[in-house]
Amino acid sequence: MELESLIERVKSHPDYPKVGMILCHNGVVRETSRDGRHVSGLTLTVDREALEAILAEQRKRPGIIDVLVEIREGSLKVGDDVMFIVVAGDLRDHVIPVLADTLNAIKKRVVME
């Protein structure tokens, strides 16, 4: 998983000249759960079919050129990168909500911890 390679893929998109913003998310395994309990790591599985459906849906939104996601599956330790999201689009008014909506949909429908 490399964030830079996702950004380079966006830059090679035929519609890249329309891009005014690339927004990135880098999710990391933290040492505490939401309720404050200590964690030593995370085991993650991914529903790839659900992920592709979400990406197809988000790419259709106004001003969006591309949405790319990489998620690491398996056993992860504290500090490991879990997920990269890259959203490229024309205006921040379009890009920021797509990043948030993509992240929330992935957490709800794609990853199982």
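Could you identify the single residue in ARG30, ARG37 that is touching a residue at least 24 places away in the same chain (Cβ under 8 Å) and at negative phi?
Among ARG30, ARG37, only ARG30 is touching a residue at least 24 places away in the same chain (Cβ under 8 Å) and at negative phi.
Restricting attention to region 12-22, does a residue exist that is polar (S, T, N, Q), closer than 21 Å to MET1 by Cα and either in a loop (DSSP other than H, G, I, E, B) or at pLDDT below 95 (or both)?
Yes - at least one qualifying residue is present in region 12-22.
Considering every residue within region 7-16, establish whether at least one is farther than 15 Å from ALA105 by Cα, touching a residue at least 12 places away in the same chain (Cβ under 8 Å) and in contact with a His (Cβ under 9 Å, 6 or more places away or on another chain).
No, every residue in region 7-16 fails to be farther than 15 Å from ALA105 by Cα, touching a residue at least 12 places away in the same chain (Cβ under 8 Å) and in contact with a His (Cβ under 9 Å, 6 or more places away or on another chain).
Residue by residue, here is whether (1) under 20 Å from GLU2 (Cα atoms); (2) in a loop (DSSP other than H, G, I, E, B); (3) modelled with pLDDT under 95; (4) within 15 Å of the chain's Cα centre (by Cα) holds:
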{"position": "ASP35", "(1), (2), (3), (4)": "no, yes, yes, no"}
{"position": "LEU42", "(1), (2), (3), (4)": "yes, no, yes, no"}
{"position": "ALA50", "(1), (2), (3), (4)": "no, no, no, yes"}
{"position": "GLN58", "(1), (2), (3), (4)": "no, no, no, yes"}
{"position": "ARG61", "(1), (2), (3), (4)": "no, yes, no, no"}
{"position": "VAL82", "(1), (2), (3), (4)": "yes, no, no, yes"}
{"position": "VAL95", "(1), (2), (3), (4)": "no, no, no, yes"}
{"position": "VAL98", "(1), (2), (3), (4)": "no, no, no, yes"}
{"position": "ALA105", "(1), (2), (3), (4)": "no, no, no, yes"}
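Being closer than 20 Å to ARG9 by Cβ, surrounded by 13 or more Cβ atoms within 10 Å (Cβ to Cβ) and at pLDDT 95 or above: is that true of LEU76 here?
It is false that LEU76 is closer than 20 Å to ARG9 by Cβ, surrounded by 13 or more Cβ atoms within 10 Å (Cβ to Cβ) and at pLDDT 95 or above.
Applying the selection to region 70-80, what residues are in contact with a Leu (Cβ under 9 Å, 6 or more places away or on another chain) and either without any contact (Cβ under 8 Å) to a residue 60 or more places away in the chain or in a strand (DSSP E or B) (or both)?
GLU70, ILE71, GLU73, GLY74, SER75, LEU76, LYS77, VAL78, ASP80
State whether one or more residues within region 81-95 are surrounded by 14 or more Cβ atoms within 10 Å (Cβ to Cβ), touching a helix residue (DSSP H, G or I) at 6+ places or on another chain (Cβ under 6 Å) and within 17 Å of GLU113 (Cα to Cα).
yes
The values are calculated or read from the model by the stated rules, or taken from the named source; none is laboratory data. Remember, predicted model here, so these are calculated numbers, not experimental data. When we count neighbours, we look across all protein chains shown, and the Cβ atoms used for this are built from the backbone with ideal geometry, even at glycine.
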